[in-house]
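A.B. asks: Structure provided below as structure tokens; questions to follow.
The values are calculated or read from the model by the stated rules, or taken from the named source; none is laboratory data. Remember, predicted model here, so these are calculated numbers, not experimental data. FYI the Cβ positions are ideal-geometry reconstructions off the backbone, even for glycines, and counts take in every protein chain you see. Side chains included, ligands, DNA and RNA excluded: accessible areas come from the protein's heavy atoms. Shrake-Rupley method; radii C 1.70, N 1.55, O 1.52, S 1.80 Å.
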Amino acid sequence: MKKITQLMASAAFLGATAVNATELEVTHWWTSGGEAAAVAEFAKAFDATGNTWVDGAIAGSGGTARPIIISRILGGDPMGATQLNHGRQAEELIEAGLMTDLTELAEAQGWKDLVNPPSLLDACTFEGRIYCVPVNIHSGQWIWLSHGAFEKAGLSVPANWDEFVAAAPKLQEAGITPLAMGQQGWQQNLAFGTITIAIAGVDAWREVSVNRNADTAAGPEYTAVFEAVANARELAKGSNVQDWNLATNLVITDQAGGQIMGDWAQGEFQVAGQVAGQDYTCLPGLGVNEVLDTGGDAFYFPVIDDADTKAAQMALASTLIAPETQVAFNLKKGSLPVRGDIDMSAANDCMQKGLQILADGNVLPSGDMNLTADTQTQIEDLMAEFWSSEMSASDAQARYVDIIASAE
Amino acid sequence: MSDSEMGSSPEPAEPFLSVRPKNPGKPSGLLRNMSAKLASIPMILTTMVVFVGGTIWTVVYSFTSSKLLPKLNFVGLDQYERLWSTRRWLISIENLAIYGFFSMIFTLVIGFTLAALLDRKIRGENIFRTIFLYPFALSFVVTGLAWQWILNPDLGVQNVVRSMGWESFTFNPLNDPDIVIYGILIAGLWQGTGLIMVIMLAGLRGIDEEIWKAARVDGIGTVKTYIRIVIPMMRPVFVTALVLIASGIIKIYDLVVAQTNGGPGIASEVPAKYVINYMFRAQNLGQGFAASTMMLLSVIIILIPWAYLEFGGKKRG
């Protein structure tokens, strides 16, 4: 009896809120200072459409937040919208019919023509239908160099990876760790991926990561990669930090020469009041192959059987990709916008480099789009072990080949 | 309390205590204590459905190639083959074995020694008991973080010893792949021995004073009395302690996550962490299920000797 009245009360309550502006709970894992400021831009734009953004930030990285988000969707308690990295992470959720189809909206607004690079939208497409809105582009192929550290060692700032490696002994003599590296698998994996593209080149990388060709992974290009990574491991000896931003801090405070990290590191330099090109230099693709992958974030909308909610979801979807929101959000986030037709002249030196590469079309699909989470975890485990042990380059390569050969 | 204990005691006591059924012609098997049996039905159902059912479901799906969602496409032993050829799993098992072996021995030895010392009717027993038991009130996450700081070379033990003048002192287990598991072991022991000590102490208090008097009359030393007389008498207490420690060992997860998160590299990974990682982060349920089935197997291997000791032992005693 009591249960029933409770149920009725809550139903009445739900009904009451639905009459007002629709509240949409949005989950994401943008919790650091710059990220939170960027999300606030989304919330502001969405609230302006007459709906209400209910912030569902989940602290911790994507690795922490993703299982929570997925289990909520699977457990029948879906949120109104959620951040995920586009790619294969949501594939099975879409297959199970748990994600809202956005194809009609996308066609009405012509997303196909305005999203640049088009691979972003492809990653949102499953069997010809569109299921997510890309909101930004993040790329991992950057090395961040400290001007101060190189000055201390009496060197000029290197222009590419080879010069960096050549400068390393001098840095060590000056008591500077050449390469800052957070001791976490994903960071070591990111460095590996970046070095791969620089050393093996785009074709070999594509053959392995996209076509999953184990023969190429066993070939001479990748042997060179693993030797370079083994060398990088020596350069990173002595940087005993865990989190990526602590490693970035080593670069900011001139204790380390450089760090291989994604463009989100830029936020740290900005917070520290450093100026690109003056206090630090960024080299996309390690200055060797100026290509960027186009990973990033996208929003998915779980299926909720309610007309008002659905309308609010569509409103949010079109807000996220609107030109004004894109500019406001990406300037704060330090990421690149997903559309090529907007004015980003306010962006700094490093972002301009990124925009230029995008405009030239030198882009690669990101790891999330090519390999399943399972395969990526295996590679990450391998890299975590490789970087923290004395494993030889050839052993690591042999095991990498096994993983690629068994990848789906 | 004492009534119910007597109710389950050996046969001869029964006629005095059990209520005879009103109808003397009816056999007194199934219907005796009806209300108690009815009351336990929900728990029995929960156990059957949640534990047994869930276990069977997990084992069945460990033979499939389920990824993010469970699907019934059987692949035979593929998941197990992959599991046992994965280095991370082998390291996890090795770590669990090291941690388990030392944790078992040291927890029992330290726990019993502390309990025996407290049992000597020392002054301030309450204070010591509280101090030793206190770490157990902390969660593993807090324990892990606290010991991460204590073992941090720049802040913790190493720094303190160096600042006392021993400049070359090096103690940095959490950043050394070869000994990182011992760093976790220290934290685990610090957290866990208090509880075992209290259980041992309760067992020691249960030993009849007469036995001590008899031992003293016979001129047997204190230590010898403990080892030869008291410990054999405390067998049930030891069995309980053993099961508690063993289950704690197998499910170790949060301590590692908080203290090292499996690092450096994958040097301090443990099986439970493998299961969680592969089920949720790698979105490979089949692999996670296969790993958890292997963990279940190890629990069963521990459980069977225990059941034998506990239930097989009663008959003899």
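A.B. asks: If you take the residues of the stretch B:47-61 that are open to solvent by 100 Å² or more (accessible area, probe 1.4 Å) and of a type in the set (Phe, Trp, Tyr), which of them is nearest to B:SER292 (Cα to Cα)?
C.D. replies: B:TRP57
A.B. asks: Of the conditions (1) crowded, with 17+ Cβ neighbours inside 10 Å; (2) in contact with an Asp or Glu (Cβ under 7 Å, 6 or more places away or on another chain); (3) within 13 Å of another protein chain (Cβ to nearest Cβ); (4) not charged (D, E, K, R), B:LEU69 satisfies every one except a single condition; which number is it?
C.D. replies: (1)
A.B. asks: Being assigned to a loop (DSSP other than H, G, I, E, B) and open to solvent by less than 10 Å² (accessible area, probe 1.4 Å) is the filter here, so list the residues in the stretch B:270-284 that pass it. Let's see the steps before the verdict.
C.D. replies: Of all residues in the stretch B:270-284, those assigned to a loop (DSSP other than H, G, I, E, B) come to B:270, B:282-284.
Result: B:VAL270, B:ALA282, B:ASN284.
A.B. asks: Just name the residue that is nearest to the other protein chains (Cβ to nearest Cβ) out of those in the stretch A:378-392 that are in a helix (DSSP H, G or I) and not charged (D, E, K, R). Break it down stepwise before answering.
C.D. replies: Of all residues in the stretch A:378-392, those in a helix (DSSP H, G or I) come to A:378-388.
Add one more test, that the residue is not charged (D, E, K, R), and what stays is A:378-379, A:382-384, A:386-388.
Working: A:GLN378: 8, A:ILE379: 11, A:LEU382: 8, A:MET383: 9, A:ALA384: 5, A:PHE386: 8, A:TRP387: 6, A:SER388: 3 Å.
Restricting to residues being in a helix (DSSP H, G or I) and not charged (D, E, K, R), the top hit is A:SER388.
A.B. asks: Let me ask something additional. Scan the stretch A:23-46 residue by residue and report those that are assigned to a loop (DSSP other than H, G, I, E, B) and at pLDDT below 85. Walk me through how you get there before you give the answer.
C.D. replies: Filtering the stretch A:23-46 down to residues assigned to a loop (DSSP other than H, G, I, E, B) leaves A:29-32.
Those that are assigned to a loop (DSSP other than H, G, I, E, B) and at pLDDT below 85: A:THR31, A:SER32.
A.B. asks: Further question on the same structure: Do you know which residues across the stretch B:123-168 are open to solvent by 70 Å² or more (accessible area, probe 1.4 Å) and part of a loop (DSSP other than H, G, I, E, B)?
C.D. replies: Residues satisfying the conditions are B:ARG123, B:ASP154, B:LEU155, B:MET164, B:TRP166, B:GLU167, B:SER168.
A.B. asks: Does A:ASN249 count as open to solvent by 10 Å² or more (accessible area, probe 1.4 Å), polar (S, T, N, Q) and outside any loop (DSSP other than H, G, I, E, B)? Before you say what the answer is, go through the steps one by one.
C.D. replies: Values: open to solvent by 10 Å² or more (accessible area, probe 1.4 Å): yes; polar (S, T, N, Q): yes; outside any loop (DSSP other than H, G, I, E, B): yes.
So A:ASN249 fits the description; yes.
A.B. asks: Which of the numbered conditions does A:SER71 fail, given that it passes all the others? Conditions: (1) over 19 Å from B:PHE280 (Cβ atoms); (2) open to solvent by 30 Å² or more (accessible area, probe 1.4 Å).
C.D. replies: (1)
A.B. asks: Restricted to the stretch B:285-301, and to residues that are away from chain A (no Cβ under 14 Å) and of a type in the set (A, V, I, L, M), which residue is most open to solvent (accessible area, probe 1.4 Å)?
C.D. replies: Once the filter is applied, the top-ranked residue is B:ILE301.
A.B. asks: Yes or no: B:GLY265 at pLDDT below 90 and open to solvent by less than 40 Å² (accessible area, probe 1.4 Å)? Break it down stepwise before answering.
C.D. replies: On the way: at pLDDT below 90: yes; open to solvent by less than 40 Å² (accessible area, probe 1.4 Å): yes.
Judged against the criteria, B:GLY265 is a match.
A.B. asks: When you go through (1) touching a residue at least 24 places away in the same chain (Cβ under 8 Å); (2) open to solvent by less than 80 Å² (accessible area, probe 1.4 Å); (3) over 30 Å from B:THR225 (Cβ atoms) one by one for B:ARG87, which number turns out not to apply?
C.D. replies: The number of the failed condition is (2).
A.B. asks: Criterion first (of a type in the set (Gly, Ala, Ser), within 14 Å of another protein chain (Cβ to nearest Cβ) and closer than 25 Å to A:LEU102 by Cβ) does A:ALA315 satisfy it?
C.D. replies: Values: of a type in the set (Gly, Ala, Ser): yes; within 14 Å of another protein chain (Cβ to nearest Cβ): no; closer than 25 Å to A:LEU102 by Cβ: yes.
Judged against the criteria, A:ALA315 is not a match.
A.B. asks: For the stretch A:278-289, what are the residues that are touching a His at 6+ places or on another chain (Cβ under 9 Å) and either modelled with pLDDT under 85 or crowded, with 18+ Cβ neighbours inside 10 Å (or both)?
C.D. replies: The initial filter retains those residues of the stretch A:278-289 that are touching a His at 6+ places or on another chain (Cβ under 9 Å), namely A:278-281.
Result: A:TYR280, A:THR281.
A.B. asks: A:LEU292 fails exactly one of the following numbered conditions: (1) crowded, with 21+ Cβ neighbours inside 10 Å; (2) closer than 27 Å to A:ILE69 by Cα. What is the number of that condition?
C.D. replies: Of the numbered conditions (1) crowded, with 21+ Cβ neighbours inside 10 Å; (2) closer than 27 Å to A:ILE69 by Cα, the odd one out for A:LEU292 is (2).
A.B. asks: Does the stretch A:299-315 include one or more residues that are in the same structural domain as A:LEU155 (by TED's automatic domain parsing) and more than 30 Å from B:GLN259 (Cβ to Cβ)? Walk me through it before giving the result.
C.D. replies: Filtering the stretch A:299-315 down to residues in the same structural domain as A:LEU155 (by TED's automatic domain parsing) leaves none.
Checking the stretch A:299-315: not a single residue is in the same structural domain as A:LEU155 (by TED's automatic domain parsing) and more than 30 Å from B:GLN259 (Cβ to Cβ).
A.B. asks: Can you spot a residue in the stretch A:314-328 that is free of Cβ contacts under 8 Å to residues at least 60 places away in the same chain and in a helix (DSSP H, G or I)? I'd like the intermediate steps shown before the answer.
C.D. replies: So in the stretch A:314-328, the residues free of Cβ contacts under 8 Å to residues at least 60 places away in the same chain come out as A:323, A:327.
Narrowing further to those that are in a helix (DSSP H, G or I): A:323, A:327.
Checked the stretch A:314-328: at least one residue is free of Cβ contacts under 8 Å to residues at least 60 places away in the same chain and in a helix (DSSP H, G or I).
A.B. asks: Which residue is farthest from the chain's Cα centre (by Cα), if the candidates are limited to the stretch A:185-212 and must be under 28 Å from A:ALA153 (Cα atoms) and open to solvent by 20 Å² or more (accessible area, probe 1.4 Å)?
C.D. replies: If we take residues in the stretch A:185-212 being under 28 Å from A:ALA153 (Cα atoms) and open to solvent by 20 Å² or more (accessible area, probe 1.4 Å), then A:ILE199 is farthest from the chain's Cα centre (by Cα).
A.B. asks: Quick one: in the stretch A:47-99, of everything that is in a loop (DSSP other than H, G, I, E, B) and farther than 21 Å from B:GLN283 by Cβ, which residue is nearest to the other protein chains (Cβ to nearest Cβ)? Spell out the reasoning first.
C.D. replies: Initial filter on the stretch A:47-99 (in a loop (DSSP other than H, G, I, E, B)): A:48-51, A:58-61, A:75-80, A:86-87, A:96-98.
Now restrict to residues that are farther than 21 Å from B:GLN283 by Cβ: A:48-51, A:59, A:80.
Working: A:ALA48: 36, A:THR49: 32, A:GLY50: 35, A:ASN51: 30, A:ALA59: 14, A:GLY80: 21 Å.
Per the criteria, the residue is A:ALA59.
A.B. asks: Given (1) within 12 Å of B:GLN287 (Cβ to Cβ); (2) assigned to a helix (DSSP H, G or I); (3) within 11 Å of another protein chain (Cβ to nearest Cβ), identify the lone condition not met by B:LEU83.
C.D. replies: (3)
A.B. asks: Please state which of the following conditions A:ALA232 fails to meet, knowing it meets all the rest: (1) assigned by TED's automatic domain parsing to the domain that holds A:TRP205; (2) more than 29 Å from B:LEU155 (Cβ to Cβ); (3) over 19 Å from the mean Cα position of the chain (by Cα); (4) among the aliphatic types (A, V, I, L, M).
C.D. replies: (2)
A.B. asks: Among the numbered criteria (1) modelled with pLDDT under 90; (2) crowded, with 20+ Cβ neighbours inside 10 Å, which single criterion is violated by B:SER247?
C.D. replies: Of everything listed in (1) modelled with pLDDT under 90; (2) crowded, with 20+ Cβ neighbours inside 10 Å, B:SER247 misses just condition (2).
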